[in-house]
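Just so it is clear, none of the values below were taken in a lab; they were calculated from the coordinates. None of these values were measured; they are calculated from a predicted model. Cβ sites come from the backbone with ideal geometry, for glycine too, and all protein chains shown count toward neighbours.
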Amino acid sequence: MPDIDTHNLGVWTAYGAHQIARGIDLPELDPWVWEIPDTGPGIEVFGDVSGLRVLDLGSGLGRHAARMAASGAQVTAVDSSPTQHQRAAARYRDTPGLCLVCADAVAHLRDAGPYDLVYSVSGVPFMDPCRVLPALANGIRPGGRLLFSSLHTNSHGTGPSGRVIARPEILRLPGTTQDHTVHMWVLTPQLWEDLLGEHGFVLDSVTAIDAPQPENAVSYRLYAAHRPERVPSRPVRVRLPRRTPLSGSA
């Protein structure tokens, strides 16, 4: 696993351990929240998910995955942090339609069959797009969809980068003033569109999700994309030149 992934995994493992120690029981997720409560689209952006094979990347506590399973999907929730997985398993182990997996996202996508739908609530920006997008391209069936939210502007007003590089951001442990540095790919919509296109996706929409408070600069973007259906290949017909009869032939 690359060094940035290893570092981020350590931070999220510490985050999960902190939340386990706090013992706070968060309510079930209703309505759906991409990142900022009371803003952005809800679960209706997915349409009818009944019977679909769905993957939640960076599933954390698992509330989104449980909500998706309650809508009739067959959901696999993947998180690489053992403590985050522990939190989800303690709460949702016996939830119908939900499978909880502790694994690296790229490794899981390599080994699992293709999904109809993959979504991630702000998990994708913690992964190197040059590593995760090829895995997603192989892990989503033709015609399948990818939806993910990504940080666009942080609380200091720093906007996205036009280069495919990770930058440090601060993750504060809930209920404390203790900060951890994580590394994220906070990219412009155009750069995300270019990267998705390079890996066979078509970007369908970009939705702004802004903090409702005027003094809060935090802003996210919701990206919705799909893999085009394969066009069946047609047999190539080779046209041979017409032969000119030899002189004197019958």
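Loop by DSSP (not H, G, I, E, B), at most 12 other beta-carbon atoms within 10 Å: where is the longest site-free stretch of the chain for GluC sites (Glu not before Pro)?
Within the chain, the longest run free of exposed GluC sites (Glu not before Pro) spans 29-214.
Counting DSSP beta bridges in the chain, what percent are antiparallel, to the nearest 5?
Roughly 55 percent of the DSSP beta bridges within the chain come out antiparallel.
Run the numbers on region 106-238 and let me know its relative contact order in percent, using alpha-carbon pairs under 8 Å that are six or more apart.
Across region 106-238, relative contact order equals 28 percent.
How high is the relative contact order of the chain? Use alpha-carbon pairs under 8 Å, at least six apart in sequence, and give a whole percent.
For the chain, the relative contact order is 17 percent.
Express the relative contact order of region 106-176 as a whole percentage, based on alpha carbon pairs under 8 Å and six or more residues apart in sequence.
35 percent
May I ask you to compute the full-extension gain from VAL206 to ILE24, defined as 0.36 nm times their residue separation minus their alpha-carbon distance, rounded to one decimal in nm?
Fully extending the segment from VAL206 to ILE24 adds 62.1 nm.
If you fit an axis through the alpha-carbon atoms of helix 189-198 and take the longest principal axis of the Cα set of the chain, what angle between them do you get, 0 to 90°, nearest 10?
For helix 189-198, the angle is close to 40 degrees.
Just to be sure I follow the definition: excluding the sites themselves, where is the longest run in the chain that has none of the trypsin sites (Lys or Arg not before Pro) in a DSSP loop with at most 12 other Cβ atoms within 10 Å?
Segment 1-92 is the longest.
Please work out the FRET efficiency for the pair THR176 and ASP94, using the Cβ-Cβ distance as r and a Förster radius of 35 Å; give the result to the nearest 0.05.
In this case the efficiency is close to 0.65.
At ALA137 and HIS156, where each label point lies 7 Å from the Cα along Cα→Cβ, what is the point-to-point distance in nanometres?
My value for the distance between the label points is 3.4 nm.
Cα gyration tensor of region 21-102, axes a ≥ b ≥ c as square roots of the eigenvalues: rounded (a/c below 1.5), prolate (a/b > b/c) or oblate?
Cα axes put region 21-102 in the oblate bin.
Sort region 133-209 into rounded, prolate or oblate with this rule: let a ≥ b ≥ c be the square roots of the eigenvalues of the Cα gyration tensor; rounded if a/c is under 1.5, and if a/c is not under 1.5, prolate when a/b is larger than b/c, oblate otherwise.
Because a/c hits 1.5 or more and a/b exceeds b/c, region 133-209 counts as prolate.
Against the longest alpha carbon principal axis of the chain, how many degrees, from 0 to 90 and to the nearest 10, is the axis of helix 82-92 turned?
Approximately 90 degrees, to the nearest ten.
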